[in-house]
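Values quoted throughout were computed directly from the atomic coordinates according to the rules given, and no laboratory measurement underlies them. As the structure is a prediction and not an experimental result, all values here were calculated from the model. Ideal geometry is used to build each Cβ from the backbone, glycine not excepted, and the neighbour counts take in all protein chains shown.
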Amino acid sequence: MISLGIEGTAWSLSVGVVDEDEVLLIENDPYIPKEGGIHPREAAQHHSERIGPLIKSVLSKVDKVDVVSFSQGPGMGPCLRIVATAARVLSLKLGKPLVGVNHCLAHLEVGRWKTGAKNPVTLYVSGGNSQVIARRGKRYRVFGETLDIGIGNALDKLARYMGLKHPGGPRIEELAKRGKKYHELPYVVKGMDFSFSGMVTAAQKLYDDGVSKEDVAFSFQETAFAMLAEVSERAMAYLDRDELLLVGGVGANSRLAEMLKVMCKERNAKFYSPPKELMGDNGAMIAYLGLLMFKHGYETRLENSTVKPDFRIEEVDVSWD
Amino acid sequence: MQQKRRKQQQKPEKIYLGGEAEVRIYADYVEKIRREKKYRITELDKILRENRTRSEARIISAARKVGVPTPLIFDVEGEKITMERIKGEPLREIMNEELSRKLGQLVARLHDARIIHGDITPMNLIYSDGKIFFIDFGLSFYDNRIESKGVDLHIYFESLKAYFDDWRRLKEAFISGYSSYSKAEEVLKRAEEIEARGRYVERRLRNA
């Protein structure tokens, strides 16, 4: 069975194709803001212009499609609507079933699929999301999450302040490698929740006070990632789990992955992360979750296919293993 | 002296590797050790371990003074706290509305004394001798702001959601106990706002 998935919850626009065993194809055409952060309307404009050619290109490379999957949320409303419209049209045109999926769950399930993690604590880190998730029975639960902004947005905000171009995360990572001196920043962990906005303000102040970009980037990463490692470890201790799965765009940051690896090693746990092309937002993860759900009897009727900008992972009934 | 000798002879019955500290449980005392976390850089590691150990020991005593059951502290050296072992049942295993209500009364006392617990969950509490003991003040600090107290309750409510299917009733019971605190209404209102806030921020970013 072959599933085609469309992803476009934020700046990324991607179409992927998978079968039960492997990812067959991923094609991306991301929106890149000329300056500043993401403008949802501009992103949606980009998606609406590019989605047609992107789907056409993917269809020309596959023999058949059995299921059309799309990310129904969470995400930016205007972007989600473009994706949902394209998915509906494609489903009708091909006469194939439609499956709307939860974007966060797609990250998590594609991670489990490709790494073999069984019942992990998952750290999901991206622009807008930063959550510690674990499954309990038929639902995934968010055990800890940011009380304000996601780690990716925090990195972008700091990057923009220091005059770096989009995407800010990778640029901060590069600078941080050359940082030497650690400057203390507010370390905010409350239970399994955490917060980044005070840290961004404090880091901006360091920069204003003449601390080098390298040292600001270094101090910021060390503090923020230590917080994420600590809450991940707390969740693992709390739930008595010995697997950690890292997913989401910020998961591509090698310093974060390294810290989590060390943490897992110290407590005899296994660390997993999917290959880079499946780490950030991509169509293959949507295609995979769509396939998984369809095989377990899920299908999204047209009248239920409206977008869900605030779609929480807890809302999904999980009937698979 | 006797205490010291006993320590040397005993082997821990159980070692619990928490997210933040290692807890070694002996027959009648407990050692809480904040070991080096190799994933953190040394500078940050040192700051966190020292600050948390010092503040935890201080707050455990302060909490007892306002009538909140806590273990007695035997010793604090470097990153290690030695304290009384409270034998009882983890609240998580015997949770009910009555206990959640009692807990609400105790948290009211902490907040009245400006103590923010920082990690109120049924895992961190032990029921012993008819009393609920707070055994972990690892993330506690002093603060009198409504915001901090609101976050404190938010964490507890979230942990109820994560663990109990009947969390709504447990939450209501807690609220009835907490209402003995003079600023209860304000704090509870703030806790509700905090719950909505994360999602509000996301929504604003998305629909801007």
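The table below lists the values:
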| item | result |
| --- | --- |
| Mean separation of Cα contacts under 8 Å (6+ apart) over length of segment B:1-148, as relative contact order % | 21 |
| Largest-first ellipsoid semi-axes for segment A:1-90, taking √(5λ) over the Cα gyration tensor eigenvalues, angstrom | 24, 12, 11 |
| Pairwise label distance in nanometres, A:D242 with B:E84, each label 7 Å out on the Cα-Cβ vector | 3.6 |
| Stokes-Einstein D for chain B, Kirkwood Rh over Cα pairs, 10 °C, 1.306 mPa s (µm²/s) | 87 |
| Stokes-Einstein diffusion coefficient of segment A:118-275, Kirkwood radius over Cα pairs, 4 °C, 1.567 mPa s, in µm²/s | 83 |
| Equivalent-ellipsoid semi-axes of segment A:19-154, from the Cα gyration tensor, Å, largest first | 27, 22, 13 |
| Cα-Cα over 20 Å, subset of A:K157/B:K149; A:K177/A:K213; A:K177/B:K38; B:K102/B:K171 | A:K157/B:K149 |
| Averaged over A:69-81, number of beta-carbon atoms from partner chains that fall within 10 Å | 2 |
| Residue-wise HN-Hα coupling along segment B:45-53, computed from phi with Karplus coefficients 6.51, -1.76, 1.60 (Hz; x: Gly, Pro) | 4, 5, 4, 5, 5, 5, 4, 5, 5 |
| Relative contact order (%) - criterion: Cα under 8 Å, at least six apart; region: segment A:118-275 | 27 |
| Inter-site label distance for A:E314 and B:N144 at 7 Å from Cα along Cβ, in nm | 3.4 |
| Residue-averaged beta-carbon neighbours from other chains (10 angstrom radius) around A:186-195 | 5 |
| Helical segments meeting 20 Å axial Cα length and Kyte-Doolittle 1.0 threshold in chain A (DSSP H) | A:77-94 |
| Residue-averaged [θ]222 nm for the protein assembly as shown, counting only DSSP H segments that reach four residues, each worth -39500 (n - 2.57) | -15000 deg cm²/dmol |
| Amide H within-cut-off set for B:L125, under 5 Å, with H built and near neighbours excluded | B:L91, B:R92 |
| Fraction of beta bridges assigned by DSSP in the protein assembly as shown that are antiparallel (%, nearest 5) | 75 |
| Surface/4 estimate of mean projected area, convex hull on alpha-carbon atoms of segment B:138-194, nm² | 4.2 |
| Amide H partners (placed H, <5 Å) of A:S195, local residues excluded | A:L147, A:V188 |
| Highest-fluctuation residue, A:I133, A:I55, A:I286 considered, GNM on chain A with Cα pairs under 10 Å | A:I55 |
| Compactness of the protein assembly as shown as Cα Rg over 2.2 N^0.38 Å, two decimals | 1.02 |
| Fraction of beta bridges assigned by DSSP in segment A:118-275 that are antiparallel (%, nearest 5) | 60 |
| Spin-label model distance (nm) - B:E172 vs A:S212, 7 Å beyond Cα toward Cβ | 6.1 |
| Other protein chain Cβ atoms within 10 Å, averaged over every residue that makes up B:18-28 | 3 |
| Alpha-carbon Rg/Rh ratio, for segment B:2-84, with Rh computed the Kirkwood way | 0.99 |
| Sequence of A:K276, A:K205 once ranked by neighbouring C-beta atoms within 10 Å, starting from the fewest | A:K276, A:K205 |
| Cα-Cα over 22 Å, subset of A:K114/A:K295; A:K190/A:K265; A:K270/B:K46 | A:K190/A:K265; A:K270/B:K46 |
| At most 15 other Cβ within 10 Å, DSSP loop - trypsin sites (Lys or Arg not before Pro), segment A:57-107 | A:K61, A:K64 |
| Neighbour count of at most 16 Cβ within 10 Å plus DSSP loop: longest chymotrypsin sites (Phe, Trp or Tyr not before Pro)-free window in chain A | A:1-181 |
| Degrees, to the nearest 10: B:97-112 long Cα axis against longest axis of chain B | 80 |
| Computed over chain A: relative contact order in percent, which uses C-alpha pairs under 8 Å that are six or more apart | 27 |
| Semi-axis lengths (Å, descending) of the ellipsoid that matches the C-alpha gyration tensor of segment B:89-207 | 24, 17, 13 |
| Top positive-direction residue, dipole computed over chain A with Cβ charges, set A:H46, A:I6, A:G198 | A:H46 |
